[in-house]
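Here is the structure we will look at.
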Amino acid sequence: MAKKPNDGEKVLATNRSATHEFHIIQRLEAGIVLTGTEVKSARLGSVNLKEAYARVNKAGEIFLHNSYFGPYEQGNRQNHEPRRLRKLLLHAREIRKLGKATVSSGTTIVATKIYLKKGRIKVEIALAKGKKLYDKRESSRKREMDQEMARAKSSRYE
């Protein structure tokens, strides 16, 4: 019997600071419009989402801002611009819903990860609300307590 190709997701880049800076309300999967050299660069893992966010324009389209796709080394003069706007592909009702949520309630749309799914590059975006300083302190305190409990539990059973 022939072995099936792996159809699982391969994560190309994550935005780890997003969960530290924001309360994640809802996550969505979106397609992204890329050029050939951007796809090759992403497959090599030269993508950065640290300050990436999405914004809905007046025409009802959603674009990814501040994402960095490193230049492809064999890309000659047709190489892409590393920090250009990239269109995201979502259903119209999803775009309208995200647009209304960002205008009214003070939320933003952050890119949380880029991954490969069945040969296609997808972006996970999240509707998020910014954390206050005391929220950040509280979440780091909670994470430290959980780590300490896990250490104590593992040392107890040894």
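What follows draws every value from the coordinates through simple rules; no lab data is involved. Not measured: the values here are computed from a predicted model. Positions of Cβ are backbone-derived with ideal geometry, glycine not excepted, and every protein chain shown enters the neighbour counts.
Residues considered: 33, 103, 56. Largest GNM mean-square fluctuation over the chain, using C-alpha springs under 10 Å, is found at 103.
Please tell me which of these pairs span more than 20 angstrom C-alpha to C-alpha: 10/136; 40/118; 50/129; 87/122? Pairs exceeding 20 Å: 10/136. Taking Cα atoms only, the orientation of helix 133-156 departs from the longest principal axis of the chain by about 60 degrees. Can you give the angle from 0 to 90° between the axis of helix 92-104 and the longest principal axis of the chain, with both taken from C-alpha atoms, to the nearest 10? For helix 92-104, the angle is close to 60 degrees.
Rounded to whole Å and ordered largest first, report the semi-axes of the equivalent ellipsoid of the chain derived from its Cα gyration tensor (root of 5λ).
Values: eigenvalues 187, 118, 51 Å².
Its equivalent ellipsoid spans semi-axes of 31, 24, 16 Å.
By the rule of a C-alpha distance below 20 Å, with chain neighbours fewer than 8 residues away ignored, the aspartates and glutamates paired with residue 117 are 7, 9, 29, 38.
Extension gain for the segment residue 97 to residue 11, taken as residue separation times 0.36 nm less the Cα-Cα distance, is 28.3 nm to one decimal. Take the Cα of residue 68, step 7 Å toward its Cβ, do the same at residue 116, and the gap between the two points is 2.2 nm. If a paramagnetic tag sat 7 Å from the Cα of residue 89 along the Cα-Cβ line, which residues of the stretch 24-55 would have the backbone N under 16 Å from that point? Under cut-off, by backbone N: 29-40. The calculated FRET efficiency for residue 148 paired with residue 19, based on their beta-carbon distance and R0 = 22 Å, is about 0.65.
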